[in-house]
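Read through the structure below, which is laid out as structure tokens, and then see the notes.
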Amino acid sequence: MTKMDKRRRHHETARMIIDRLEEKGPATPKQLRDELGVHKNTVNRNLRKILFKKLGIVERLENDRYGLRWHLPEEDRVKLHYSRTKRKLRRNPTPEEMAGLIKEAPEEARRLLFKYIPFYREPDQNEISLAASEVWKMIVWGGLSGQPKIKKEQRLKTKKELFDMGVSKAAIDGIAIETFDMIMNKDPSIPLEEARRYIEEFPEMKPRITETRDGGRLSSKIEWPEDVKKILHSSYQWRGRSEVQVPRRLDEKLYRRYREFIDKNADYALGRIGEMARDSAPTQETIDDLLRWIAAPETRSRALDALSSFCKNGLEVGQLDEDARIKIAHSLLETFFGDTSDDTMYEDALKIIEMVDVRDEETVAKCKRFIGSSLRKGGHDLKIMKLGGWLAKDPMLREGLIKISEDIMAGAEDDRVSELCKRFIRSI
């Protein structure tokens with residue numbers, strides 16, 4: 001059989017299915033096979049893939065029945081629109097919302113809802129507001145976030161993508177900065193797969209993004225569908241505006257110029273490097289220099305401030321790889337959490353360690369050695385509490401820290417050591 005013969009046969013089968021549904025009403029695939037005498041695979045392909053998914057001529061009803069969209073019995077029509085609208089709104093639809101869908105007046109729509117939908121009740125204002133918030137999350141995560149199945153031009157660009165494009169500032173009409181930050185931090189309050197399925201089922205809810213570029217500035221406009229605006233009419237979340245500052249590439253020539261001032265006037269040089277750190281991403285050379293200056297007491301304070309800014313910017317735009325983060329953590333632990341470490345700026349150092357957030361074998365070992373040594377000596381009370389609190393965010397490491405403390409407590413001859421171990425365990 002040629003391809004043309006196959007297409008002709010499929011067209012004939014589709015026509016037979018349409019005629020059967022129009023004449024006798026909804027039917028299951030099995031009923032269609034039996035009545036039309038057509039093979040199971042042929043019916044399934046024509047009914048489900050072509051008439052339902054591709055062309056949208058038929059609708060899927062309860063009990064795996066299919067019916068023509070324009071020729072549904074009253075009960076099926078009400079149940080179909082009710083079920084779909086409830087999934088879309090994440091709540092029971094009101095009679096007013098159903099009225100337009102089933103082409104009836106609101107009062108008649110109310111009567112039909114109570115007639116055909118068991119236990120139907122109208123939603124109150126609180127339910128409507130809560131559901132609107134859930135819908136907002138669905139369309140934000142399903143339609144704007146950088147999920148693998150969403151093409152780059154159809155979603156918001158990450159700060160790394162903006163950085164790679166050479167964009168230093170982005171203005172976004174359509175969402176508030178809090179929503180943008182939530183998306184960039186990849187901290188969804190709902191499962192991403194669920195949000196993606198929601199947009200696939202209701203493509204009419206997906207926002208569109210248009211962009212214009214002017215030098216280092218990118219302006220994006222999120223065009224929210226009218227359905228979204230109606231659902232969120234009381235919150236106006238779609239009216240927000242975001243101004244996003246993107247770290248720049250470091251001006252390496254200018255950086256090296258200031259680096260030459262270190263031996264002559266370190267305070268001035270590090271002040272200027274600190275200014276560059278506020279809006280620039282670091283290079284590996286910068287990280288190495290700063291760690292060396294942090295090791296020296298006379299340049300430690302300003303170098304630590306600059307490192308903090310550089311790390312924040314580098315992490316935002318993907319310019320701080322794992323090797324660099326490990327190097328930073330090891331160096332700061334050595335300087336601020338060793339046997340002869342600096343006690344004055346350890347909290348600032350710990351903030352950077354928490355920021356780069358590495359827990360490789362050597363980092364964990366350094367932390368445990370310092371904590372164990374401090375507990376045995378009965379010293380560094382606050383210091384070990386804070387370091388232990390960061391490490392104990394990992395439940396497995398927390399158990400290890402508790403065991404170290406209990407072992408020290410069991411062999412302690414000094415009550416101060418036992419008391420410190422108890423306080424440490426309570427703190428983590």
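The values are calculated or read from the model by the stated rules, or taken from the named source; none is laboratory data. Keep in mind that what you see is a predicted model, and the values were worked out from it rather than measured. Heads up, the Cβs are rebuilt from the backbone with ideal geometry, glycines too, and the neighbour counts pull from every protein chain shown. Remember, those area values only see protein heavy atoms, side chains included, never the ligands or the DNA or RNA. Shrake-Rupley method; radii C 1.70, N 1.55, O 1.52, S 1.80 Å.
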If we keep just the residues of the range 375-403 that are closer than 12 Å to residue 418 by Cα and in a helix (DSSP H, G or I), which is least open to solvent (accessible area, probe 1.4 Å)?
-> 375
For the range 335-361 the number of residues that are open to solvent by 20 Å² or more (accessible area, probe 1.4 Å), in a helix (DSSP H, G or I) and either in contact with a Cys (Cβ under 9 Å, 6 or more places away or on another chain) or within 20 Å of residue 389 (Cβ to Cβ) (or both) is 7
Please name all residue pairs, on different chains or six or more residues apart, with Cβ atoms under 6 Å, provided the first residue is in the range 251-273 and is under 17 Å from residue 283 (Cβ atoms) and the second residue is open to solvent by 70 Å² or more (accessible area, probe 1.4 Å) and part of a helix (DSSP H, G or I).
-> 258/272; 270/302
Any idea which residue in the range 224-243 is modelled with the lowest pLDDT, counting only those that are part of a helix (DSSP H, G or I) and among the hydrophobic types (A, V, I, L, M, F, W, C)?
-> 238
Is it true that some residue in the range 156-166 is open to solvent by less than 60 Å² (accessible area, probe 1.4 Å), β-branched (Val, Ile, Thr) and in a helix (DSSP H, G or I)?
-> no
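Every residue in the range 226-240 that is of a type outside the set (Phe, Trp, Tyr) and exposed (fewer than 12 other Cβ atoms within 10 Å of the Cβ), please.
226, 230, 233, 234
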Scan the range 291-301 and give yes if some residue there is surrounded by fewer than 20 Cβ atoms within 10 Å (Cβ to Cβ) and within 16 Å of residue 251 (Cβ to Cβ), otherwise no.
-> no
Could you run through the range 415-427 and say how many residues are open to solvent by less than 80 Å² (accessible area, probe 1.4 Å) and either within 43 Å of the chain's Cα centre (by Cα) or farther than 15 Å from residue 372 by Cβ (or both)?
-> 6
All-but-one check, residue 61 against (1) over 27 Å from residue 142 (Cβ atoms); (2) modelled with pLDDT under 90; (3) in contact with a Pro (Cβ under 8 Å, 6 or more places away or on another chain); (4) buried (at least 17 other Cβ atoms within 10 Å of the Cβ), failing number (1)
All but one of (1) in a helix (DSSP H, G or I); (2) closer than 30 Å to residue 86 by Cβ; (3) touching a residue at least 40 places away in the same chain (Cβ under 8 Å) hold for residue 175, so report the exception by its number.
-> (1)
Selection count where residues are more than 21 Å from residue 315 (Cα to Cα), of a type in the set (Ser, Thr, Tyr) and either under 36 Å from the mean Cα position of the chain (by Cα) or open to solvent by 80 Å² or more (accessible area, probe 1.4 Å) (or both), scope the range 246-281 | 1
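Only one of 243, 178, 211, 223 is within 30 Å of residue 94 (Cα to Cα) and open to solvent by 50 Å² or more (accessible area, probe 1.4 Å). Can you tell me which?
Numbers: 243 fails: within 30 Å of residue 94 (Cα to Cα); 178 fails: within 30 Å of residue 94 (Cα to Cα); 211 fails: within 30 Å of residue 94 (Cα to Cα).
Answer to the check: 223.
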Positions within the range 26-58 being of a type in the set (D, E, K, R) and surrounded by 15 or more Cβ atoms within 10 Å (Cβ to Cβ), in sequence order = 33, 45, 48
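Among the residues that make up the range 402-421, is at least one of them of a type in the set (D, E, K, R) and under 26 Å from residue 326 (Cα atoms)?
Residues of the range 402-421 that are of a type in the set (D, E, K, R), as a first pass: 403, 406-407, 413-416, 419.
Applying the additional criterion that residues be under 26 Å from residue 326 (Cα atoms) yields 403.
Yes, that holds for at least one residue.
Would you be able to tell me the number of residues in the range 314-334 that are within 19 Å of residue 294 (Cα to Cα) and either in a helix (DSSP H, G or I) or open to solvent by 20 Å² or more (accessible area, probe 1.4 Å) (or both)? Don't jump to the end; show me each part of the working.
Restricting attention to the range 314-334, the residues satisfying the condition of being within 19 Å of residue 294 (Cα to Cα) are 314, 320, 323-334.
Right, trim to either in a helix (DSSP H, G or I) or open to solvent by 20 Å² or more (accessible area, probe 1.4 Å) (or both) and you get 314, 323-334.
Of the residues in the range 314-334, 13 are within 19 Å of residue 294 (Cα to Cα) and either in a helix (DSSP H, G or I) or open to solvent by 20 Å² or more (accessible area, probe 1.4 Å) (or both).
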Do the conditions hold for residue 186, that is, is it part of a loop (DSSP other than H, G, I, E, B), among the basic types (Lys, Arg) and over 22 Å from residue 280 (Cα atoms)?
-> yes
With the checklist (1) assigned to a strand (DSSP E or B); (2) surrounded by 13 or more Cβ atoms within 10 Å (Cβ to Cβ); (3) of a type in the set (Ser, Thr, Tyr) in hand, flag the one item residue 286 doesn't pass.
-> (1)
Restricting the first residue to the range 16-30 and requiring it to be polar (S, T, N, Q), which pairs with a second residue that is open to solvent by 30 Å² or more (accessible area, probe 1.4 Å) meet a Cβ separation below 9 Å and a spacing of at least six or different chains?
-> 28/63; 28/64; 28/65
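Every residue, every condition in (1) modelled with pLDDT of 95 or more; (2) open to solvent by less than 30 Å² (accessible area, probe 1.4 Å); (3) of a type in the set (Asp, Glu), yes or no:
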{"position": "76", "(1), (2), (3)": "no, yes, yes"}
{"position": "95", "(1), (2), (3)": "yes, yes, no"}
{"position": "100", "(1), (2), (3)": "no, no, no"}
{"position": "103", "(1), (2), (3)": "no, no, no"}
{"position": "115", "(1), (2), (3)": "no, no, no"}
{"position": "118", "(1), (2), (3)": "no, no, no"}
{"position": "136", "(1), (2), (3)": "no, yes, no"}
{"position": "143", "(1), (2), (3)": "no, yes, no"}
{"position": "146", "(1), (2), (3)": "no, no, no"}
List every residue pair whose Cβ atoms lie under 6 Å apart, where the two residues are 6 or more positions apart in sequence or sit on different chains, the first residue falls within the range 193-205 and is at positive phi, and the second residue, located anywhere, is assigned to a helix (DSSP H, G or I) and open to solvent by less than 30 Å² (accessible area, probe 1.4 Å).
-> none
